[in-house]
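Notes follow the structure.
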Amino acid sequence: WDVTALYPGYAISSPGEGSTLTLVFTAKEKEVSGDSGCNTYSGPFETAGTDVITLGPFASTLRACADPAVGTQEQQYLAALGLAKTYQVTGNQLTLFRAGGTIAVTAQRAT
């Protein structure tokens, strides 16, 4: 999944220009991983019922970001993933929702 928007703590935002945020779910291992901007990350995920999800905690590589804004976005992205409580897949769109039904992360199926 390629991330199209995230909740950085104040309003839904698109990923910064030139940065790539991804989600890869591996069902057998119950692991989610991907690119968080400067680093790669991985961690567990659990689902329950038809729409409940828990992500993290995450481990990440420790490369320094050349652009401080991308480093900040990376922290915000991983925090947003941790806020996810429910999810919905509609066609090629994945939406992770925070408590109360507001958006944490949206993503489009990678081609």
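The values are calculated or read from the model by the stated rules, or taken from the named source; none is laboratory data. Predicted model only: the values in this text are computed from it and were never measured. Note that we place each Cβ from the backbone using ideal geometry, even for glycine, and neighbour counts take in every protein chain shown. Quick note on the areas: whole protein, heavy atoms, side chains included, nothing else; ligands and nucleic acids left out. Shrake-Rupley method; radii C 1.70, N 1.55, O 1.52, S 1.80 Å.
Remark: the range 8-24, residue by residue, has Karplus-estimated 3J(HN,Hα) of x, x, 9, 6, 5, 9, 7, x, x, 3, x, 9, 10, 10, 9, 10, 10 Hz, where x stands for each Gly or Pro and the curve is 6.51 cos²θ - 1.76 cosθ + 1.60 at θ = phi - 60°. For P(r) over Cα pairs in 5 Å bins from 0, in percent, the choices are [x] 2, 11, 20, 20, 18, 13, 9, 6, 2, 0; [y] 2, 13, 24, 28, 20, 10, 3, 0, 0; [z] 2, 12, 18, 24, 25, 16, 4, 0; which was calculated from the structure? Derived directly from the coordinates: [y]. Between Q75 and K28, what is the FRET efficiency for a Förster distance of 35 Å, r being their Cβ-Cβ separation, to the nearest 0.05? The pair Q75/K28 has a calculated efficiency of 0.75.
Proximity of backbone amide H atoms, modeled 1.01 Å from N, is registered between R98 and K85, I103, A104 at under 5 Å, excluding neighbours fewer than 5 places apart on the same chain. Multiplying the residue separation of T90 and T50 by 0.36 nm and subtracting their alpha-carbon distance yields 13.1 nm. Counting only alpha carbon atoms, the long axis of helix 68-83 and the longest principal axis of the chain meet at about 10°.
How do I103, I53, I12 rank by accessible surface area computed with a 1.4 Å probe, from largest to smallest?
Heavy-atom accessible area, descending, gives I12, I103, I53.
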